[in-house]
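Asker: Mind looking over this structure? Questions follow.
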Amino acid sequence: MLNGVYTALVTPFNADGSLDEQALRELVDFQIAGGVAGIVPVGTTGESPTVTHDENIRIVEIVADQARGRTVVIAGTGSNSTAEAVRMTRLAAEVGATATLQVAPYYNKPTQEGLYRHFTEVAESSRLPVVVYNIPGRTSVNVEPATILRLAEHDNVTAVKEASGSMAVAMEVIAGAPASFAVVSGDDNLTLPLMSLGATGVISVASNIAPKQMVELVSLAAAGRFDDAKKLHYRLLPLFRAIFVQTNPIPIKYALARRKMIVESYRLPLCPLSDSDRAIVDRAIDQVMPE
């Protein structure tokens, strides 16, 4: 079961757009030093739409190699093609991933039965435990609670990253899921509310730059210390808001570049923040985690 903070890791690029392997390894070490329960490479935050398939697996391989068993590695290997998702998941297993994050198939908008068959095929075709990723704002399809609960009965479907933004959806899944199935927040700002209702953690964007703070927040909530967790939540809220002032991962990569942890480099169609939005991120970082 997933418990704690799992960082949806950015993919650092050099100024010419190539993969920055050294920065990636340093980010892995930074996350482990921050106490996260796991790292999630090549998800949305890792710019999965613009890395090649070979790069995708290479990124997973680097993260797994640098982690060296010190933390869980949940590889983003989803696709809107079931066969491609299966192939990529098998490759991720070969290079050291310990689980897989499977986004709901995008663009082709499958039915709920199609979604069920898709995730089941991936789960049955690989030894890696499957974390379903429900984010209808990006995929244009919602994995409905009944479908998630149906998938939860499969031995190799172990969790859902719930990023629908709907508390009602999350509550229905939490209430109906077996004890062996985890619901984790896919939104930093909903981590505490969802944990108060039974979620077990978060796959976090904010922890890219603030792993210790996110680990503390989740640890307080898990211990039932909700008054203390609430105070920390509100201290972190400006950061939660700022890192989504534009499309993720643009703001969080800017924040990391500002701290000189990566080069501020994206692949089109993503592009740098406007000056006004840079100022928003700057203020949030200075307020939440001054140097």
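Asker: Evaluate region 239-249: report whether one residue or more is in contact (Cβ under 8 Å) with a residue 60 or more places away in the chain, within 14 Å of residue 9 (Cα to Cα) and not hydroxyl-bearing (Ser, Thr, Tyr).
Answerer: Checked region 239-249: at least one residue is in contact (Cβ under 8 Å) with a residue 60 or more places away in the chain, within 14 Å of residue 9 (Cα to Cα) and not hydroxyl-bearing (Ser, Thr, Tyr).
Asker: For region 92-106, which residues satisfy the criterion of being within 20 Å of the chain's Cα centre (by Cα) and of a type outside the set (S, T, N, Q)?
Answerer: Answer for region 92-106, where residues must be within 20 Å of the chain's Cα centre (by Cα) and of a type outside the set (S, T, N, Q): 92, 93, 95, 96, 97, 99, 101, 103, 104, 105, 106.
Asker: Please list, ordered by residue number, the helices (runs of 4 or more DSSP H) wholly in region 177-262 having 2 or more residues that are of a type in the set (Val, Ile, Thr) and crowded, with 17+ Cβ neighbours inside 10 Å.
Answerer: The qualifying helices (runs of 4 or more DSSP H) are 211-222, 250-258.
Asker: Which of the residues that make up region 11-44 are hydrophobic (A, V, I, L, M, F, W, C) and either closer than 11 Å to residue 70 by Cα or assigned to a loop (DSSP other than H, G, I, E, B) (or both)?
Answerer: 15, 28, 32, 33, 36, 37, 39, 42 - these are the residues of region 11-44 that are hydrophobic (A, V, I, L, M, F, W, C) and either closer than 11 Å to residue 70 by Cα or assigned to a loop (DSSP other than H, G, I, E, B) (or both).
Asker: Any idea which of (1) basic (Lys, Arg); (2) over 22 Å from the mean Cα position of the chain (by Cα); (3) part of a loop (DSSP other than H, G, I, E, B) is the one residue 267 doesn't satisfy?
Answerer: (2)
Asker: Looking at 28, 40, 63, 36 in this structure, which one is touching a Phe, Trp or Tyr at 6+ places or on another chain (Cβ under 6 Å), among the β-branched types (Val, Ile, Thr), under 18 Å from residue 261 (Cβ atoms) and surrounded by 20 or more Cβ atoms within 10 Å (Cβ to Cβ)?
Answerer: 40
Asker: Out of region 88-99, which residues are of a type in the set (Ser, Thr, Tyr) and either part of a helix (DSSP H, G or I) or touching a Phe, Trp or Tyr at 6+ places or on another chain (Cβ under 7 Å) (or both)?
Answerer: Passing the criteria: only 89.
Asker: Here's another thing I want to ask about it. State which residue is nearest to residue 38 (Cα to Cα) when the search covers only region 161-176 and only residues that are in a loop (DSSP other than H, G, I, E, B) and either under 14 Å from the mean Cα position of the chain (by Cα) or at pLDDT 95 or above (or both).
Answerer: So, considering only residues that are in a loop (DSSP other than H, G, I, E, B) and either under 14 Å from the mean Cα position of the chain (by Cα) or at pLDDT 95 or above (or both), the one nearest to residue 38 (Cα to Cα) is 163.
Asker: Same structure again: Please specify each residue of region 100-151 satisfying the condition of being touching a strand residue (DSSP E or B) at 6+ places or on another chain (Cβ under 8 Å) and part of a loop (DSSP other than H, G, I, E, B).
Answerer: If the condition is that a residue be touching a strand residue (DSSP E or B) at 6+ places or on another chain (Cβ under 8 Å) and part of a loop (DSSP other than H, G, I, E, B), then 104, 126, 128, 129, 135, 142, 143 are the ones that fit.
Asker: Also, quick follow-up: So how many residues does region 121-155 have that are under 17 Å from the mean Cα position of the chain (by Cα) and either surrounded by fewer than 17 Cβ atoms within 10 Å (Cβ to Cβ) or acidic (Asp, Glu) (or both)?
Answerer: Qualifying residue count, region 121-155: 2.
Asker: For region 66-81: of the residues being among the aliphatic types (A, V, I, L, M) and out of contact with any Phe, Trp or Tyr (no Cβ under 8 Å at 6 or more places or on another chain), which is surrounded by the fewest Cβ atoms within 10 Å (Cβ to Cβ)?
Answerer: Among them, the one singled out is 67.
Asker: Out of curiosity, is residue 158 buried (at least 24 other Cβ atoms within 10 Å of the Cβ), modelled with pLDDT of 95 or more and in a strand (DSSP E or B)?
Answerer: Considered against the rule, which asks whether it is buried (at least 24 other Cβ atoms within 10 Å of the Cβ), modelled with pLDDT of 95 or more and in a strand (DSSP E or B), residue 158 comes out as no.
The values are calculated or read from the model by the stated rules, or taken from the named source; none is laboratory data. All values reported here derive from a predicted model rather than from experimental measurement. Glycine gets a Cβ as well: all are built from the backbone with ideal geometry, and neighbour counts include every protein chain shown.
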